[in-house]
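Heads up: the structure comes next, in structure tokens.
Nothing in this text is a laboratory measurement; each read-out follows from the coordinates by a stated rule. Here the structure is a predicted model, which is why all the values come from computation and not from measurement. For neighbour counting, all protein chains shown are included, and Cβ atoms are generated from backbone atoms with ideal geometry for every residue, glycine included.
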Amino acid sequence: MNTEHMTIAPMRHEEIGKCAELSVQAFADYEYFTNFFAERGERLAFMCAMIHSEYRTTRRRAHFLVGHAGGVPVAVADLFPPDWRKPSDLQYLLHGWGRVLRLPKQDIVKEWLAMDSDAGHYCHTLLGGSTWYLSSLTVSPERQGHGYGREMLMECVVPYIRRHGGTRLCFFTNSESNLAFYRHLGFEVADYQELDCHGTKMGSWSIVYEIPQ
């Protein structure tokens, strides 16, 4: 699949590491992480261990779509199908979760994991039938603000879900600027909550999009 800026294809096994690192770079200064790990080195260590394990563990169950420009990954969409089932703890351990468990400040790691579960809870209740869940949409920092996110979402994710029989997409965001972007594209807020992020309150908006057939 081609868009104005990218060629998009399913993630290849040899791209897992590059795509995970792209996600780390893109979200390194996102309050979803900075609220818990103020020190950048600790934050990147946690993100690298967690995201690499997540990608390796879920790649056979999720649908990873990668946007390439100049032959390198510049955008990644991580989609959960309606019949999604979370992998077991053993599967995570077999794919690198031990690195997360060996990090310092395990109390903060546990706080983050609880917050992450709360943030995605509403969307996970919608999964099933023909509803898909967008676990993450990543665009490399240097490509942000140039249409790559819109192309990845509207010209790749939405048509991909439609081709697989999906009629609805859900996901959440914790950024008001991102919320404005999604609303501009016709997405609607289905749920809102305030999350406790290591003593700081953070908004979390669950977004739903009814896919035109």
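Scanning segment 122-139 for residues that are in a helix (DSSP H, G or I) and out of contact with any strand residue (DSSP E or B) (no Cβ under 9 Å at 6 or more places or on another chain) yields a single hit, Thr125. Of the residues making up segment 144-180, those that are among the basic types (Lys, Arg) and in contact (Cβ under 8 Å) with a residue 12 or more places away in the chain are Arg150, Arg162, Arg168. Within segment 1-23, restricting attention to residues that are surrounded by 15 or more Cβ atoms within 10 Å (Cβ to Cβ) and closer than 19 Å to His146 by Cα, the residue that is nearest to the chain's Cα centre (by Cα) is Ser23.
Matching residues to (1) exposed (fewer than 15 other Cβ atoms within 10 Å of the Cβ); (2) aliphatic (A, V, I, L, M); (3) under 18 Å from Leu137 (Cβ atoms); (4) under 15 Å from the mean Cα position of the chain (by Cα):
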position	(1), (2), (3), (4)
Tyr148	no, no, yes, no
Glu151	no, no, yes, no
Val157	no, yes, yes, yes
Gly186	yes, no, yes, no
Gln193	yes, no, no, no
Gly199	yes, no, no, no
Met202	no, yes, no, no
Ile207	no, yes, yes, yes
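Got a sec? Which of Ser130, Ser135, Ser117, Ser140 is in contact with an Asp or Glu (Cβ under 8 Å, 6 or more places away or on another chain) and of a type in the set (Ser, Thr, Tyr)?
The match here is Ser135.
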